[in-house]
Each structure stands twice: as structure tokens, then as C-alpha cells.
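All remarks here apply to the structure that follows.
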Amino acid sequence: MTALHDSPVDPPDLEVRSSTTPDPAAEVEAARLAAISRYDVLENPPDGAFDRIARLAARWMGTAFASVTIVDSDHIWFAARYGDGIPDRVPREDGLCSSAIAHDGVYVVPDARCHGPAAENSLVHGEAGIRFYAGAPIVTADGHRLGTVNVFDTIARDPADIADVDVLSDLAAVVVDELQLRLAAMTTVRDERARRARAESDTVQITDYAAVLQRTLLPPSLPRIHGLTLASHYHAVSPLQVGGDFYDVFALGDGRWAFFLGDVQGHGAGAASVTSLVRYTLRAAALHQPDPAEGLAELNQVLMLDPTQKRFCTVLFGIATPDPRGGFRITLATGGHPPALLLDPDTEDVHEIRSSTGMFVGALEKANFSACSFRLAPGQTLLLYTDGITEARPDGRTMFGEEGLVHFVRQRLGRPVDDVVEDLVDLIPGLRPIDDIALLALGA
């Protein structure tokens with residue numbers, strides 16, 4: 001008869017792992033997902049800041065596509081996309097970003113067909129046909145890897161020709177700064193809502209305060225300039241909040257005029273203080289810097305040297321000089337801002353005007369800026385705008401976009417400057433903008 005034991009006996013060489021033994025990888029992943037939830041970036045996507053970062057990454061690296069992604073437990077979400085045909089999400093196992101977030105530094109794949117881990121990816125051997133990929137992880141201050149800033153293309157690259165990928169790490173750091181600002185802003189909004197619930201009468205005082213402060217950040221009126229017609233408009237998305245959009249036109253002497261339009265990251269008192277600093281710095285720079293690109297470099301240095309400021313801005317900064325042939329010679333520098341639009345009735349077209357380089361101002365210490373020069377001939381109009389109008393979503397999903405704006409103003413070639421701006425003002429409510437909008441138009 002076989003003896004029965006009161007309890008089972010494990011073989012000597014069998015290691016028994018308790019179900020309560022912590023799994024370090026699972027704990028790290030759980031903390032990472034908690035960080036994504038804390039920043040609330042999936043339920044409440046950023047209001048355009050990430051789109052600007054993706055656009056800048058693609059232009060800097062010369063790729064057809066770029067994105068800012070957030071990697072959750074099952075999917076890779078595209079919080080910002082540059083290039084046509086990018087979906088809003090893909091399964092996590094189908095994305096190259098899953099490899100990039102686990103990589104220290106920039107993860108570069110010159111030709112995905114020859115790269116073991118990537119070659120089996122459906123985005124590589126499938127219809128998308130991705131060949132070149134480079135991505136930098138978005139790493140929070142406490143070490144959580146939320147996603148990536150990445151660029152990719154359907155054309156492979158020679159490893160010897162791949163340079164400047166470190167800029168993706170810089171842009172990933174800008175994303176982290178933006179997330180921190182958004183988190184602080186959401187906390188402030190929640191606190192503000194609680195205060196308003198306790199004292200509803202504060203709403204009137206906040207509205208008045210915001211309106212008065214906003215007026216101090218804009219010129220009270222535009223100057224009268226012989227041979228140049230000016231028109232402007234400012235649309236505040238909320239009467240309770242001070243925006244970061246700005247513009248100005250002022251004399252430099254000798255018949256020359258300076259003008260600028262831009263957008264400071266964020267809203268509220270913090271953005272207002274930076275907006276004031278930007279306006280006065282550019283006004284001072286214009287008086288002693290004949291090249292507006294040097295003026296943007298000076299502004300970049302001022303913003304980087306202030307340890308209390310963590311906000312960047314985008315700017316178009318120009319100088320207008322009377323042209324002997326009529327009209328004005330315009331020198332225009334770009335600081336990460338959407339291009340100006342030149343409405344030309346002679347060619348019956350709208351031309352994008354931008355300098356060859358121009359990064360965000362106040363984001364990177366070694367940012368590069370350049371200027372372009374052209375003639376604003378009689379009958380032509382130069383339109384400057386902030387991306388609140390192009391990033392508006394009339395149907396709640398699809399952005400109006402630069403293409404929509406170009407199409408709209410192309411129907412108004414040859415019309416007076418005031419009429420062009422008034423038509424845009426009438427258009428804005430139907431666009432359902434989610435961010436402030438500034439417009440500045442110059443017509444010769």
C-alpha cells in the first residue's frame with residue numbers, strides 16, 4: 001500500500017515562484033501607464049503645440065512624415081501627425097515606436113528591411129512601406145517613457161547621410177515641458193472652477209481683468225503708413241483667459257517700419273508675462289538689428305537666460321522699406337511660425353513666404369534663424385496669422401488647415417486689405433476655433 005503524505009513534497013530541483021512575487025517589468029509598465037493617465041494627453045489632446053513640433057521635426061530631418069506618439073498598453077496613439085495618411089492609432093505591436101521608447105537616446109533605422117526587429121513590422125512589409133525611421137523617447141523628469149517624437153519615410157537612407165537626429169531628443173524634451181505646463185494648467189483650471197463654484201460673482205471680475213490685460217498686450221491702434229494699408233483682428237477663444245497671441249507695427253525711422261506677429265505657448269497670466277517680454281524685446285531689437293533674424297536670435301537668448309520662464313513662442317518678424325519701384329521691400333524672419341501668405345492678383349495665386357530656417361524661439365539654446373526678402377508690389381497683400389485659425393475644427397474632427405486658409409483667401413485676390421480681414425473675421429465663428437487667433441495684413 002502506498003503511503004499518503006499530509007502535504008505535497010516539491011522535487012529538490014524545482015524552484016517555486018510565489019504568485020505574490022513582484023514583477024519589476026510589470027511594475028514599471030503600470031507606473032508608466034499611470035503617468036500617461038496623469039498627463040491626460042489621450043482624453044484631452046494638446047491644442048496644437050504637438051502639431052507644431054511634428055511639423056518642425058519633419059522639416060528639420062527632411063522627411064515626408066513625422067509624429068508625436070503616446071504608447072499605451074495596447075495601442076500607439078498619434079497625438080500629432082505631419083504627412084498624409086497617418087492613422088490616429090495603430091496596435092502597439094505594429095509600431096516602431098515600441099522599440100524607440102525602450103531605447104536610450106535616438107533610435108535610428110536607416111533601412112527597416114535590413115533591420116531585424118523592424119523587418120517583421122507590418123508597417124514595413126505592408127502597404128505603408130516604411131523604410132527610414134528615427135525616434136526619440138519622451139521621458140518625464142521621473143523617468144517614465146510616455147511615447148516618442150519621430151520621423152519616418154518610405155525611402156531608405158544611407159547611414160552616412162543621417163545627421164542632426166539629436167534634435168529629436170531636444171524636441172522630445174520640449175514635449176515634456178509642454179506636458180508639465182498642461183498639467184499645471186489643468187490643475188489651475190480645476191482650482192479656478194472650484195473657486196467659481198464657491199463665488200459665481202467672481203466671473204465678471206475675471207472677465208474684466210482678462211479683457212484689460214489682453215488689451216495691454218496688443219497695440220491700441222495700427223499706425224497710418226503712406227503707401228501701405230494695414231488691417232488686424234484678434235479673436236479670444238475665451239473671455240476668462242488671457243491668450244498668448246500678439247502682433248505689432250511700429251516705426252523705425254527713415255521710412256522703415258517693423259512688424260511682427262506670434263504666439264506664446266499656453267494661456268493665462270504666465271503666457272501674458274512672456275508675451276509682454278517678447279513684444280518689448282522685439283521692439284528694442286528692431287531699433288539696433290537691421291536683420292530681423294538677428295532680432296529673433298536676441299529674443300531667443302533673452303528667453304533662454306530667464307530661469308523663471310519655461311515657455312517658447314513662434315514669431316514672424318519683418319521690416320518693410322519703401323521700394324523705389326513702388327510698394328515695399330519686405331525682409332521677413334521665421335521663428336517656428338506658419339508661413340505668411342502673399343496674395344498676388346497678377347499671378348492669380350497665393351504664395352507661402354517663409355525663410356529657409358527658423359526654429360521655435362526660447363525652446364533651444366542653439367536655435368537657428370534666417371530671413372528672406374521679397375517685394376510687396378502694389379495690389380499685393382501679405383497676410384500673417386496664428387495657427388488658431390488653421391487648427392480650428394469646423395466639424396469637430398478635421399482641421400481647417402493651411403490648405404483651407406489658402407483656398408479661402410485665393411477667392412479674394414485683388415480685394416482691399418480691410419475686406420480680406422473682415423471676411424476672415426466673419427469666417428472664424430463657423431470654424432469653431434479652440435485657440436486664440438491673431439491676424440495682421442499689409443497691402444501695398
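The values are calculated or read from the model by the stated rules, or taken from the named source; none is laboratory data. Source: prediction; values computed, not measured. Methodologically, a virtual Cβ is constructed for each residue, glycine included, from the backbone with ideal geometry; neighbour enumeration extends over all protein chains shown.
Within segment 280-297, the set of residues being within 20 Å of the chain's Cα centre (by Cα) and more than 19 Å from Pro338 (Cβ to Cβ) comprises Ala297 only. Scanning segment 41-77 for residues that are part of a helix (DSSP H, G or I), in contact (Cβ under 8 Å) with a residue 40 or more places away in the chain and not small (Gly, Ala, Ser) yields Phe50, Asp51, Arg52, Ile53, Leu56, Trp60, Met61.
When segment 44-60 is filtered for residues that are buried (at least 23 other Cβ atoms within 10 Å of the Cβ) and of a type outside the set (Gly, Ala, Ser), the ones remaining, listed by number, are Phe50, Arg52, Ile53.
Residue count for segment 350-360 satisfying the condition of being outside any strand (DSSP E or B) and of a type in the set (Gly, Ala, Ser): 2. For the list (1) surrounded by fewer than 18 Cβ atoms within 10 Å (Cβ to Cβ); (2) within 23 Å of the chain's Cα centre (by Cα), I need the number of the one condition that Ser67 fails. If we test Ser67 against (1) surrounded by fewer than 18 Cβ atoms within 10 Å (Cβ to Cβ); (2) within 23 Å of the chain's Cα centre (by Cα), just (1) comes out false.
When the criteria are applied in full, Leu413 meets the requirement of being more than 21 Å from the chain's Cα centre (by Cα) and in the same structural domain as Thr334 (by TED's automatic domain parsing). Of all residues in segment 84-94 being in a loop (DSSP other than H, G, I, E, B) and either of a type in the set (D, E, K, R) or in contact with a helix residue (DSSP H, G or I) (Cβ under 7 Å, 6 or more places away or on another chain) (or both), which is surrounded by the most Cβ atoms within 10 Å (Cβ to Cβ)? Across segment 84-94, the extreme among qualifying residues is Asp88.
Residue count for segment 361-386 satisfying the condition of being in a loop (DSSP other than H, G, I, E, B) and either in contact with a strand residue (DSSP E or B) (Cβ under 8 Å, 6 or more places away or on another chain) or touching a residue at least 60 places away in the same chain (Cβ under 8 Å) (or both): 12.
Within the set Thr381, Thr347, the sole residue that is over 22 Å from Ile53 (Cβ atoms), in the same structural domain as Ala286 (by TED's automatic domain parsing) and buried (at least 22 other Cβ atoms within 10 Å of the Cβ) turns out to be Thr381.
Quick grid of which residues meet (1) farther than 22 Å from Ala173 by Cβ; (2) touching a residue at least 60 places away in the same chain (Cβ under 8 Å):
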{"residue": "Asp263", "(1), (2)": "no, yes"}
{"residue": "Leu277", "(1), (2)": "no, no"}
{"residue": "Gln301", "(1), (2)": "no, no"}
{"residue": "Asp306", "(1), (2)": "no, no"}
{"residue": "Cys313", "(1), (2)": "no, yes"}
{"residue": "Gly318", "(1), (2)": "yes, yes"}
{"residue": "Thr331", "(1), (2)": "yes, no"}
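If I filter segment 118-148 down to residues being over 27 Å from the mean Cα position of the chain (by Cα) and surrounded by 20 or more Cβ atoms within 10 Å (Cβ to Cβ), which single residue comes out as nearest to Val90 (Cα to Cα)? So the residue we want is Asn121. Note on segment 120-171: residues that are out of contact with any Gly (no Cβ under 6 Å at 6 or more places or on another chain), part of a strand (DSSP E or B) and of a type outside the set (Phe, Trp, Tyr) amount to 11.
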